[in-house]
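Read the structure below first, then the notes.
The values are calculated or read from the model by the stated rules, or taken from the named source; none is laboratory data. Note that the structure is predicted; figures quoted are calculated from it, not measured. A quick note on method: Cβ atoms are made from the backbone with ideal geometry, for glycine too, and the neighbour counts reach across all protein chains shown. Side chains included, ligands, DNA and RNA excluded: accessible areas come from the protein's heavy atoms. Shrake-Rupley method; radii C 1.70, N 1.55, O 1.52, S 1.80 Å.
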Amino acid sequence: MRSGSEEPVPLHEEFIYCCGAATHVLKCGPWKDLSKDESKNLPRLLFMIIPGNPGLAGYYRTFIQALYCGLNQQYPVWVVSHAGHCKPPSGMEMIEDTDIKELEDVFGLNGQVEHKLNFLKKNVSKDIKLVLIAHSIGCYITLEMMKRASELQVLRSVLLFPTIERMAQSPQGKLMTPLLCKLRYALYMPVYLLSFLPEGVKASLVRFALRGMKTCDESSITTSINLFSVDCIANILYMASQEMMKVVERDSTTIKQNLKKLIFYYGTGDSWCPQHYYDEIKMDFPDGDIRLCEKGLRHAFVLDASKEMAAMITDWLQDDLTKL
(Lines give C-alpha, C1' and ligand atoms only; values in the text may rest on other atoms or scores of the structure.)
Protein backbone atom coordinates (compact mmCIF):
# COMPACT_ATOMS: atom_id res chain seq x y z
CA MET A 1 0.00 0.00 0.00
CA ARG A 2 3.00 2.29 0.04
CA SER A 3 3.56 4.89 -2.59
CA GLY A 4 6.92 5.01 -4.31
CA SER A 5 6.46 8.67 -5.20
CA GLU A 6 9.18 11.07 -4.13
CA GLU A 7 6.93 14.11 -4.54
CA PRO A 8 6.79 16.40 -1.51
CA VAL A 9 4.01 15.54 0.91
CA PRO A 10 1.39 18.31 1.12
CA LEU A 11 1.39 19.57 4.71
CA HIS A 12 -0.85 22.33 6.00
CA GLU A 13 -0.26 24.01 9.36
CA GLU A 14 -2.81 25.92 11.44
CA PHE A 15 -2.93 27.60 14.82
CA ILE A 16 -6.53 27.88 15.99
CA TYR A 17 -8.56 28.36 19.15
CA CYS A 18 -10.44 25.27 20.25
CA CYS A 19 -12.43 25.49 23.49
CA GLY A 20 -10.78 28.88 23.88
CA ALA A 21 -7.22 27.44 24.01
CA ALA A 22 -4.39 27.73 21.49
CA THR A 23 -4.20 24.58 19.39
CA HIS A 24 -1.72 23.53 16.72
CA VAL A 25 -3.02 21.38 13.86
CA LEU A 26 -0.97 19.67 11.16
CA LYS A 27 -2.85 18.31 8.15
CA CYS A 28 -1.36 15.92 5.59
CA GLY A 29 -3.02 15.88 2.20
CA PRO A 30 -4.86 18.40 0.03
CA TRP A 31 -7.93 18.49 2.29
CA LYS A 32 -7.81 21.59 4.48
CA ASP A 33 -11.49 21.63 5.44
CA LEU A 34 -13.49 18.52 6.27
CA SER A 35 -16.52 20.29 7.67
CA LYS A 36 -19.96 19.55 6.20
CA ASP A 37 -20.04 22.86 4.32
CA GLU A 38 -16.92 22.38 2.21
CA SER A 39 -18.02 20.29 -0.77
CA LYS A 40 -19.34 16.93 -1.86
CA ASN A 41 -15.80 15.70 -2.47
CA LEU A 42 -15.04 14.82 1.12
CA PRO A 43 -12.89 11.73 1.77
CA ARG A 44 -14.58 8.74 3.36
CA LEU A 45 -12.02 8.47 6.14
CA LEU A 46 -9.87 10.69 8.36
CA PHE A 47 -6.83 9.45 10.25
CA MET A 48 -6.55 11.58 13.39
CA ILE A 49 -3.59 11.40 15.76
CA ILE A 50 -4.21 11.94 19.50
CA PRO A 51 -0.77 12.75 20.96
CA GLY A 52 0.90 11.82 24.20
CA ASN A 53 2.25 14.33 26.70
CA PRO A 54 3.89 16.67 25.74
CA GLY A 55 1.10 16.93 23.22
CA LEU A 56 2.98 18.93 20.60
CA ALA A 57 1.82 18.29 17.04
CA GLY A 58 5.32 18.85 15.66
CA TYR A 59 6.59 15.64 17.25
CA TYR A 60 4.29 13.72 14.88
CA ARG A 61 5.21 15.60 11.67
CA THR A 62 7.37 12.80 10.22
CA PHE A 63 4.90 10.16 11.45
CA ILE A 64 1.86 11.65 9.69
CA GLN A 65 3.83 12.24 6.49
CA ALA A 66 5.02 8.63 6.47
CA LEU A 67 1.52 7.36 7.25
CA TYR A 68 -0.02 9.51 4.51
CA CYS A 69 2.44 8.12 1.96
CA GLY A 70 1.94 4.57 3.25
CA LEU A 71 -1.78 5.00 2.60
CA ASN A 72 -1.01 5.93 -1.02
CA GLN A 73 -2.04 9.52 -0.27
CA GLN A 74 -5.69 8.48 -0.36
CA TYR A 75 -6.79 9.76 3.05
CA PRO A 76 -6.12 12.88 5.13
CA VAL A 77 -3.92 12.39 8.19
CA TRP A 78 -4.21 15.07 10.88
CA VAL A 79 -2.62 15.60 14.28
CA VAL A 80 -4.19 17.95 16.83
CA SER A 81 -2.06 19.23 19.69
CA HIS A 82 -3.30 19.22 23.24
CA ALA A 83 -4.84 22.48 24.38
CA GLY A 84 -2.16 24.94 25.45
CA HIS A 85 0.85 22.68 24.74
CA CYS A 86 1.97 24.64 21.67
CA LYS A 87 3.68 28.02 21.68
CA PRO A 88 1.28 30.30 19.75
CA PRO A 89 2.67 32.42 16.93
CA SER A 90 3.26 36.13 17.44
CA GLY A 91 -0.01 38.01 17.92
CA MET A 92 -1.89 34.97 19.29
CA GLU A 93 -2.43 34.46 23.00
CA MET A 94 -2.49 31.09 24.77
CA ILE A 95 -6.12 31.71 25.83
CA GLU A 96 -8.65 33.38 23.55
CA ASP A 97 -9.69 36.87 24.66
CA THR A 98 -13.43 36.39 25.01
CA ASP A 99 -16.10 36.76 27.64
CA ILE A 100 -17.50 33.33 26.81
CA LYS A 101 -15.73 30.46 28.53
CA GLU A 102 -16.38 27.32 26.50
CA LEU A 103 -14.92 24.82 28.96
CA GLU A 104 -13.76 24.78 32.56
CA ASP A 105 -10.19 23.58 33.05
CA VAL A 106 -9.43 22.99 29.37
CA PHE A 107 -5.77 22.25 30.21
CA GLY A 108 -6.68 19.39 32.57
CA LEU A 109 -7.11 15.77 31.54
CA ASN A 110 -10.90 15.94 31.27
CA GLY A 111 -10.61 19.21 29.38
CA GLN A 112 -8.28 17.63 26.84
CA VAL A 113 -10.88 14.92 26.12
CA GLU A 114 -13.58 17.53 25.53
CA HIS A 115 -11.11 19.59 23.49
CA LYS A 116 -10.69 16.74 20.97
CA LEU A 117 -14.42 16.07 20.78
CA ASN A 118 -15.04 19.78 20.23
CA PHE A 119 -12.44 19.87 17.48
CA LEU A 120 -14.13 16.98 15.65
CA LYS A 121 -17.58 18.50 16.08
CA LYS A 122 -16.52 21.83 14.59
CA ASN A 123 -14.05 20.68 11.94
CA VAL A 124 -15.05 17.23 10.65
CA SER A 125 -18.27 16.15 8.96
CA LYS A 126 -20.27 13.50 10.80
CA ASP A 127 -20.33 11.51 7.55
CA ILE A 128 -16.58 10.89 7.68
CA LYS A 129 -15.37 7.71 9.34
CA LEU A 130 -12.43 7.95 11.72
CA VAL A 131 -9.26 6.02 12.41
CA LEU A 132 -7.98 7.32 15.74
CA ILE A 133 -4.28 6.70 16.32
CA ALA A 134 -3.38 7.46 19.91
CA HIS A 135 -0.08 7.55 21.73
CA SER A 136 0.55 7.17 25.47
CA ILE A 137 -1.99 9.30 27.42
CA GLY A 138 -3.70 9.90 24.08
CA CYS A 139 -4.93 6.30 24.42
CA TYR A 140 -6.75 7.17 27.65
CA ILE A 141 -8.22 10.25 25.92
CA THR A 142 -9.32 8.14 22.94
CA LEU A 143 -11.13 5.57 25.09
CA GLU A 144 -12.87 8.45 26.88
CA MET A 145 -13.88 9.96 23.53
CA MET A 146 -15.39 6.65 22.43
CA LYS A 147 -17.18 6.35 25.76
CA ARG A 148 -18.61 9.88 25.76
CA ALA A 149 -19.44 10.16 22.04
CA SER A 150 -20.66 6.76 20.88
CA GLU A 151 -22.07 8.46 17.77
CA LEU A 152 -18.54 8.93 16.38
CA GLN A 153 -18.00 6.74 13.31
CA VAL A 154 -14.81 5.12 14.57
CA LEU A 155 -13.59 2.45 12.16
CA ARG A 156 -10.50 1.65 14.26
CA SER A 157 -8.58 2.99 17.22
CA VAL A 158 -4.88 2.15 17.36
CA LEU A 159 -3.50 2.56 20.88
CA LEU A 160 0.29 2.85 20.93
CA PHE A 161 2.14 2.36 24.23
CA PRO A 162 -1.15 2.90 26.07
CA THR A 163 -1.04 4.59 29.48
CA ILE A 164 -4.60 3.67 30.41
CA GLU A 165 -4.12 2.40 33.96
CA ARG A 166 -2.06 2.67 37.14
CA MET A 167 0.21 5.42 35.88
CA ALA A 168 1.46 6.45 39.31
CA GLN A 169 2.29 2.80 40.09
CA SER A 170 4.41 2.31 36.97
CA PRO A 171 8.21 2.52 37.36
CA GLN A 172 8.31 5.95 35.72
CA GLY A 173 5.19 7.04 37.59
CA LYS A 174 6.75 6.27 40.96
CA LEU A 175 9.67 8.49 40.02
CA MET A 176 7.67 11.33 38.49
CA THR A 177 4.58 11.55 40.72
CA PRO A 178 6.26 13.43 43.62
CA LEU A 179 7.87 15.83 41.15
CA LEU A 180 4.69 16.44 39.15
CA CYS A 181 2.27 16.68 42.07
CA LYS A 182 4.38 18.52 44.65
CA LEU A 183 7.43 20.10 43.05
CA ARG A 184 6.40 21.11 39.53
CA TYR A 185 6.26 24.81 40.37
CA ALA A 186 9.99 24.70 41.18
CA LEU A 187 10.66 23.95 37.49
CA TYR A 188 9.07 27.16 36.23
CA MET A 189 11.91 29.52 37.17
CA PRO A 190 14.68 27.57 35.39
CA VAL A 191 12.47 27.31 32.29
CA TYR A 192 11.74 31.04 32.50
CA LEU A 193 15.45 31.84 32.59
CA LEU A 194 16.24 29.43 29.75
CA SER A 195 13.50 31.01 27.62
CA PHE A 196 15.73 34.06 27.10
CA LEU A 197 18.43 32.02 25.37
CA PRO A 198 18.87 32.41 21.58
CA GLU A 199 17.03 29.81 19.49
CA GLY A 200 20.30 28.29 18.32
CA VAL A 201 21.46 27.72 21.89
CA LYS A 202 18.11 26.12 22.77
CA ALA A 203 18.46 23.76 19.80
CA SER A 204 21.96 22.83 20.96
CA LEU A 205 20.66 22.04 24.45
CA VAL A 206 17.96 19.80 22.95
CA ARG A 207 20.54 17.99 20.81
CA PHE A 208 22.68 17.48 23.90
CA ALA A 209 19.72 16.06 25.84
CA LEU A 210 18.98 13.61 23.01
CA ARG A 211 22.62 12.76 22.32
CA GLY A 212 22.16 9.11 23.39
CA MET A 213 20.05 8.31 20.32
CA LYS A 214 21.71 6.95 17.20
CA THR A 215 19.29 8.84 15.01
CA CYS A 216 16.91 11.58 16.07
CA ASP A 217 14.13 13.09 14.01
CA GLU A 218 15.05 16.66 13.14
CA SER A 219 11.43 17.81 13.63
CA SER A 220 11.63 16.57 17.23
CA ILE A 221 14.53 18.92 17.90
CA THR A 222 12.68 21.90 16.42
CA THR A 223 9.50 21.01 18.30
CA SER A 224 11.29 20.57 21.63
CA ILE A 225 12.19 24.27 21.61
CA ASN A 226 8.54 24.83 22.64
CA LEU A 227 9.51 23.32 25.99
CA PHE A 228 11.46 26.48 26.81
CA SER A 229 8.14 28.36 27.11
CA VAL A 230 6.87 28.70 30.69
CA ASP A 231 3.23 28.73 29.54
CA CYS A 232 3.69 25.48 27.59
CA ILE A 233 5.60 23.75 30.38
CA ALA A 234 3.03 24.83 32.97
CA ASN A 235 0.18 23.32 30.94
CA ILE A 236 2.17 20.15 30.14
CA LEU A 237 3.12 19.52 33.77
CA TYR A 238 -0.37 20.37 35.05
CA MET A 239 -1.91 17.80 32.72
CA ALA A 240 0.77 15.26 33.71
CA SER A 241 0.02 15.77 37.41
CA GLN A 242 -3.64 14.97 36.73
CA GLU A 243 -2.64 11.85 34.82
CA MET A 244 -0.86 10.51 37.89
CA MET A 245 -3.95 11.06 40.04
CA LYS A 246 -6.75 10.16 37.62
CA VAL A 247 -5.43 7.33 35.42
CA VAL A 248 -5.83 4.52 37.93
CA GLU A 249 -8.22 1.75 36.89
CA ARG A 250 -8.37 0.45 33.35
CA ASP A 251 -11.77 1.16 31.76
CA SER A 252 -12.52 -2.45 30.91
CA THR A 253 -16.19 -1.68 30.23
CA THR A 254 -15.40 0.70 27.37
CA ILE A 255 -12.73 -1.68 26.07
CA LYS A 256 -15.21 -4.60 26.08
CA GLN A 257 -17.85 -2.53 24.27
CA ASN A 258 -15.39 -1.49 21.54
CA LEU A 259 -13.03 -4.47 21.51
CA LYS A 260 -13.42 -5.22 17.79
CA LYS A 261 -12.41 -1.66 16.93
CA LEU A 262 -9.27 -1.56 19.10
CA ILE A 263 -5.63 -2.44 18.44
CA PHE A 264 -3.28 -2.24 21.44
CA TYR A 265 0.50 -2.05 21.03
CA TYR A 266 2.62 -2.42 24.17
CA GLY A 267 6.37 -2.02 24.57
CA THR A 268 8.69 -4.60 26.11
CA GLY A 269 10.78 -2.15 28.11
CA ASP A 270 8.24 0.60 28.67
CA SER A 271 8.54 2.15 32.13
CA TRP A 272 5.16 3.93 31.76
CA CYS A 273 3.19 0.76 30.98
CA PRO A 274 5.32 -2.24 31.97
CA GLN A 275 4.95 -5.61 30.31
CA HIS A 276 2.85 -7.11 33.08
CA TYR A 277 0.13 -4.57 32.18
CA TYR A 278 0.18 -6.18 28.72
CA ASP A 279 0.07 -9.68 30.22
CA GLU A 280 -2.96 -8.78 32.34
CA ILE A 281 -5.01 -7.09 29.61
CA LYS A 282 -4.18 -9.95 27.25
CA MET A 283 -5.50 -12.38 29.85
CA ASP A 284 -8.66 -10.32 30.43
CA PHE A 285 -9.37 -9.91 26.70
CA PRO A 286 -8.01 -13.03 24.95
CA ASP A 287 -9.99 -12.21 21.78
CA GLY A 288 -8.64 -8.67 21.55
CA ASP A 289 -6.03 -7.45 19.08
CA ILE A 290 -3.35 -6.83 21.71
CA ARG A 291 0.24 -6.84 20.49
CA LEU A 292 3.65 -6.74 22.11
CA CYS A 293 6.45 -4.85 20.39
CA GLU A 294 9.16 -7.15 19.01
CA LYS A 295 11.30 -4.35 17.59
CA GLY A 296 12.53 -2.70 20.76
CA LEU A 297 10.82 0.61 20.03
CA ARG A 298 10.89 3.20 22.80
CA HIS A 299 7.76 4.69 24.40
CA ALA A 300 8.55 8.02 22.72
CA PHE A 301 8.76 6.38 19.28
CA VAL A 302 8.32 9.74 17.52
CA LEU A 303 11.89 10.66 18.42
CA ASP A 304 13.51 8.05 16.20
CA ALA A 305 11.05 5.47 14.79
CA SER A 306 8.16 7.39 13.20
CA LYS A 307 8.56 5.82 9.76
CA GLU A 308 8.83 2.31 11.16
CA MET A 309 5.69 2.75 13.24
CA ALA A 310 3.75 4.24 10.32
CA ALA A 311 4.69 1.25 8.14
CA MET A 312 3.45 -1.20 10.77
CA ILE A 313 0.13 0.60 11.20
CA THR A 314 -0.40 0.67 7.44
CA ASP A 315 0.02 -3.12 7.36
CA TRP A 316 -2.33 -3.64 10.32
CA LEU A 317 -5.13 -1.67 8.66
CA GLN A 318 -4.95 -3.11 5.15
CA ASP A 319 -7.96 -5.41 5.62
CA ASP A 320 -10.10 -2.61 7.07
CA LEU A 321 -9.27 -0.27 4.20
CA THR A 322 -9.98 -2.81 1.47
CA LYS A 323 -13.50 -3.22 2.88
CA LEU A 324 -14.32 0.49 2.58
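Figures for the structure shown
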read-out: Conditions (1) among the aliphatic types (A, V, I, L, M); (2) out of contact with any strand residue (DSSP E or B) (no Cβ under 6 Å at 6 or more places or on another chain); (3) open to solvent by less than 70 Å² (accessible area, probe 1.4 Å); (4) not in a loop (DSSP other than H, G, I, E, B): number failed by M245; value: (3)
read-out: The range 45-79 - residue that is assigned to a loop (DSSP other than H, G, I, E, B) and open to solvent by less than 10 Å² (accessible area, probe 1.4 Å) and, of those, farthest from L237 (Cα to Cα); value: L71
read-out: The range 248-274: number of residues that are assigned to a helix (DSSP H, G or I), of a type in the set (S, T, N, Q) and open to solvent by less than 70 Å² (accessible area, probe 1.4 Å); value: 2
read-out: Looking only at the range 275-324, and only at residues there that are among the acidic types (D, E) and more than 21 Å from the chain's Cα centre (by Cα), the one that is most open to solvent (accessible area, probe 1.4 Å); value: E294
read-out: Breaking point among (1) modelled with pLDDT under 90; (2) surrounded by fewer than 13 Cβ atoms within 10 Å (Cβ to Cβ), for P198; value: (1)
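One line per residue, one yes/no per condition, for (1) touching a Cys at 6+ places or on another chain (Cβ under 6 Å); (2) open to solvent by 10 Å² or more (accessible area, probe 1.4 Å); (3) farther than 23 Å from H85 by Cα; (4) of a type in the set (S, T, N, Q):
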{"position": "H115", "(1), (2), (3), (4)": "yes, no, no, no"}
{"position": "N118", "(1), (2), (3), (4)": "yes, yes, no, yes"}
{"position": "N123", "(1), (2), (3), (4)": "no, yes, no, yes"}
{"position": "K126", "(1), (2), (3), (4)": "no, yes, yes, no"}
{"position": "Y140", "(1), (2), (3), (4)": "no, yes, no, no"}
{"position": "R148", "(1), (2), (3), (4)": "no, yes, yes, no"}
{"position": "R156", "(1), (2), (3), (4)": "no, yes, yes, no"}
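Condition check ((1) among the charged types (D, E, K, R); (2) more than 21 Å from P54 (Cα to Cα); (3) touching a Leu at 6+ places or on another chain (Cβ under 7 Å)) across all residues:
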{"site": "K246", "(1), (2), (3)": "yes, no, yes"}
{"site": "R250", "(1), (2), (3)": "yes, yes, no"}
{"site": "N258", "(1), (2), (3)": "no, yes, no"}
{"site": "F264", "(1), (2), (3)": "no, no, yes"}
{"site": "D270", "(1), (2), (3)": "yes, no, no"}
